[in-house]
Amino acid sequence: MSQWEVVIGLETHAQLRTQSKIFSGAATAFGAEPNRQACAVDIALPGVLPVLNREAVVCAIKLGLAVNASIAPRSVFARKNYFYPDLPKGYQISQFEIPVVSGGSLTIRVGETEKTVRLTRAHLEEDAGKSLHEDFHGKTGIDLNRAGTPLLEIVTEPDMRSSLEAVAYAKALHSLVTWIGICDGNMQEGSFRCDANVSVRRPGAPLGTRREIKNLNSFRFLQQAIDFEIQWQINEIEEGRAIQQATVLFDPDTGETRAMRSKEDAHDYRYFPDPDLLPLEITPAWIEEVKRGLPELPQAMQARFVSDYGLSGYDAATLTATRDMAKYFEDCIVAAGRENAKTCANWVMGELAARMNRDSMEIAAVPLAPTLLAGIVRRIADGTLSNKLAREVFEALWAGEGKDADAVIEARGLKQISDSGAIEALIDEVLAANPKSVEEFRAGKEKAFNALVGQVMKATRGKANPQQVNDRLRQKLAGG
Amino acid sequence: MINASLKELSAALAQKKASAVELATLFLERIEKLNPTLNAFVTVDREKTLTMAREADASGKVGASDTPLSGIPLAHKDIFCTEGWRTTCGSKMLSNFVSPYDATVVEKFKAAGMVTLGKLNMDEFAMGSSNETSFFGPVKNPWDTSRVPGGSSGGSAAAVAARLAPAATGTDTGGSIRQPAALCGLTGLKPTYGLVSRYGMIAFASSLDQGGPMAKSAEDCSLLLNAMAGFDPRDSTSLERPTEDYARDLDKPLQGLRIGLPKEFFGEGMDADVRAAVEAALAEYRKLGAATVEVNLPNSGLSVPAYYVIAPAEASSNLSRFDGVRYGHRAADYADLTDMYSKSRAQGFGDEVKRRILIGTYVLSHGYYDAYYLQAQKVRRLIANDFAEAFKSCDVIMGPATPSVAFKFGEKSADPVQMYLSDIYTIAVNLAGLPGMSIPCGFGAGDMPVGLQLIGPWFAEAKMLNVAHRYQRATDWHLRMPAGL
């Protein structure tokens, strides 16, 4: 592998979260009966005309702002002409020469390494309908509910060098589009799907011929498809065959890619500006208005977490994986106090994440409000709870027991014993009852010390402050 | 009554001299009698029409001053979608298509209380200048049935000329209102691009298509335009402007009017009889107080070639939706998807439509786009600039609407280029998006009508209607009617 360099560029179709379609008033909701969400415009009756949905433009502006791209003051909708039964007009309205968004970049992270992926462009277009080949006895059914659904096609430069980087980019983009609320990110329903352009070359050589893998709708398929494709291309070249430019499909069942059409039978789409639509004009005032409505972006928030809360870059990135996660974390800090930010972070990324994972739960559905988690954190900070007890409180609150951490501590009698007099007395009792361990410790066996700590903790049923027990025991044994 | 103006019809309704049902019946009977000869209508539905007429009579709005069109019959070019009526666009492709919705224009006339008389024949998908390309057979010119009525709104022109309808809608992409109006002796107006909604008007060339009225007089056209024009949020190219009363200036004197005469319109190519009628009309205008000045439209010679790149390019894409998948003609037998497409379209479209789809596909193809389409768009700008320059020294431009009077059937249909040249004076107006009119100004060879073309700056409709109306007050060409009908 090391003698080959992999070059990947991604084109992502993000379905925009608008109420209605990009050029008609029909609803965009998923899952309706076939053709019930297709109006006269969507089915391309004679005489109908498209009217641009300004909400879709707002989505494009938001993305442009979020990736530091330039937003065209004037972009043009073009017709991409081809015949297909689920393309009712015989052309798709898209943007060709002048897209709404140009340039920009996205920072990705693979392990501890950060990398910038440059974006080429993002343009608005309409989705096609669906051809249904099953259930029609050798015929094809057409469902035009999806026809006219607004899409933003986001195209990168060929900046990725491995399937891992491609997946990291796709995840970062997925996180960003859901963060800014322009896409629901539902990959199973096709709301976020990727095409991967893959080629290989000897390091330093010009770009190899690429093949485009179409329509990958999960991160796992994205990775599998790219990995298979890379190996296939290397094998081809090593066996002396040149790569032909082609469009390929990934079969998740076999894990293989296979060619759909080659460059020779590529369409001539005969793009030309759509005379039914005026050029899209975006004023600086409109951009400003959209900017005011934009939430704090993940990059900015990560930087703030590092500087304000002293978190590592990795933790900051983890906590800003989704906007809900970040909000939960910050709500927790508000209630727990900024000085406990690190503990909040540990609990959100640790216990909470693990529990969510076990229950396959999104953070929005978590039964434990951030203020409740903050309550636990505060009791850890003031020494009331050990980590072990805190976990017990967490489980109880998760299960809906008690109105807050203090109520659970009270009801279960979980209060950590920090009263030094009480601990002192217990230590004395344990020392008296275990002369052998004392002997061994004095003979240099550190293990014996741990046994004594264990005895003290056992005697308090885990409620003693372990640090305090440790310190006092050592002092006693040292003759204090 | 069949010769009455819209105002007179409205007055008759107001004075209860006639009801909407009686008016509708009168015209339906004429259609029944004369349409078999003229072939102007492709769809007539007596019951639907009479139902609308009864509703108009019951509405209490008939003859009212604020609803001057209520109860008056009107026929639509079959390019406008009409809910519940077959809408064919003159094509086999849509010969069985019944529209589930109304075009904005149709909706507006319904709201004005007008009664739909039927759907009018036209060149297939508005591609033609003689009505010979219609799947439903050619329309005959009521002045001489061996001659064409012009096109593509030939059915509209013949119907109004033969008094089968008091007025009609038309559409004009390269002259399709003005040329048939001229050849049938009518007043036809193509408004400024964007003034009349294109929603529900089956697209031929989106950047050129514009609907407009065809009637007996400028006054009638002004009333019809009042009902037709206006911003439509369903058409992105429709213009948001304050509403106007296009009849407000009809009677203004023409003293001081500056008429521009483009020398390019008065050179070779115009028949002597047409020239004589146009010159006589200009003399009449001078008598009315207007002055004529020579203007230049140096790029007008490029308008036909530019048009025959842009219009087919847009048409080739606009007509892609007629694929046999969802509605319209589908071949009975086919082997696979591609075969279904080719057979359905080969059978559903006529030769002229296919010719333009081929031209359009070619000029948009990779490697040819810059040389043809982009170049044509540049020419288009030059043509618009020429007009802007000309309007610095005149208020309205005049010239012939067509180079000759109505020609005989078959005379030009074998040679597309000859046919295309019959729109030589009208096409530049569409390329520039300007308003244009044709008004009757005399008779030429074979006693066939001659049309005078008026061209105005953008949104000068009220002015143009005034200029036309004052002429029609002084002359009676527009009141002449074909003999024997």
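Throughout, read-outs are computed from the coordinates displayed, never taken from laboratory work. Because the structure is predicted, anything quoted here is derived from the model rather than measured. With ideal geometry, Cβ positions are generated from the backbone for all residues, glycine too; neighbour counts draw on all protein chains shown.
Here is how the numbers come out for the structure above:
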quantity	calculated
Gap separating the Cα centres of the stretch B:452-480 and the stretch B:317-346, nearest whole Å	45
Rule-of-thumb Rg ratio for the stretch B:150-233 [Cα; 2.2 N^0.38 Å; N residues]	0.99
Pairwise centroid distance, computed over Cα atoms, of the stretch A:1-39 with the stretch A:109-180, Å	7
Average beta carbon contacts from partner chains per residue of B:196-204, 10 Å cutoff	3
Ordering of B:260-272, A:132-144 by packing [mean C-beta count within 10 Å, highest first]	B:260-272, A:132-144
Computed P(r) (all Cα pairs; the stretch A:5-288; 5 Å bins; percent)	1, 5, 11, 15, 18, 17, 15, 10, 5, 2, 1, 0
Backbone HN-Hα couplings from phi across the stretch B:282-287 [Karplus 6.51/-1.76/1.60, Hz, Gly and Pro as x]	5, 4, 4, 4, 5, 4
Rounded D (µm²/s) - the stretch B:286-366, Kirkwood Rh over Cα pairs, Stokes-Einstein at 20 °C, 1.002 mPa s	137
Structure-based [θ]222 nm, the protein assembly as shown - -39500 (n - 2.57) summed over DSSP H runs of at least 4, per residue, nearest 500	-11500 deg cm²/dmol
The stretch B:6-256: C-alpha gyration tensor shape, a/c 1.5 cut-off, then a/b vs b/c	rounded
Exercise: per-residue mean of other protein chain Cβ atoms within 10 Å, A:269-281	5
Cα lying deepest toward the dipole's positive end in chain B, options B:ALA4, B:ILE397, B:ALA283, charges on Cβ	B:ALA4
The stretch B:120-260 shape via C-alpha gyration tensor axes, a/c threshold 1.5	oblate
Shielding by other protein chains, B:314-324, mean Cβ within 10 Å	6
Karplus-derived 3J(HN,Hα), 6.51/-1.76/1.60, for each residue of the stretch B:387-395, Hz, glycine and proline x	5, 4, 5, 4, 6, 6, 10, 8, 8
Cα centroid of the stretch B:44-86 to Cα centroid of the stretch A:408-476, whole Å	99
Net charge over other residues, Cβ less than 13 angstrom from the Cβ of A:ALA425 (K, R count +1; D, E count -1)	-2
q = 0.11, 0.12 Å⁻¹: log10 I(q)/I(0) that the Debye formula gives for chain A, counting C-alpha atoms only	-0.99, -1.10
Which listed pairs, of A:LYS327/A:LYS415; B:LYS190/B:LYS412; A:LYS415/A:LYS445; B:LYS7/B:LYS33, have C-alpha distances above 28 Å, in listed order	A:LYS327/A:LYS415; A:LYS415/A:LYS445
Bins of 20 Å, starting at 0 and running to the largest distance - Cα pair percent for the protein assembly as shown	12, 33, 25, 17, 8, 4, 1
DSSP-defined antiparallel bridges as percent of all bridges, the protein assembly as shown, nearest 5	80
Model label zone, B:LEU485; criterion: amide N under 18 Å from point 7 Å along Cα-to-beta-carbon; scope the stretch B:20-61	B:24-44
Over chain B, relative contact order from alpha-carbon pairs under 8 Å, at least 6 apart, %	18
Overall dimensions of the stretch B:366-439 as given by Cα atoms, namely Rg and Dmax in Å	15.5, 43
In order through the stretch B:130-142: 3J(HN,Hα) via Karplus (6.51 cos²θ - 1.76 cosθ + 1.60), integer Hz, x for Gly, Pro	9, 6, 7, 8, 5, 5, 8, x, x, 8, 9, 6, x
Contact order relative to length of chain A, as percent, for alpha carbon pairs under 8 angstrom and 6 or more apart	13
Candidate lysines - alpha carbon under 25 Å from A:LYS447, same-chain residues fewer than 8 apart omitted	A:LYS388, A:LYS436, A:LYS458, A:LYS463, A:LYS476
Residues B:VAL115, B:VAL44 arranged by fewest to most Cβ contacts within 10 Å	B:VAL44, B:VAL115
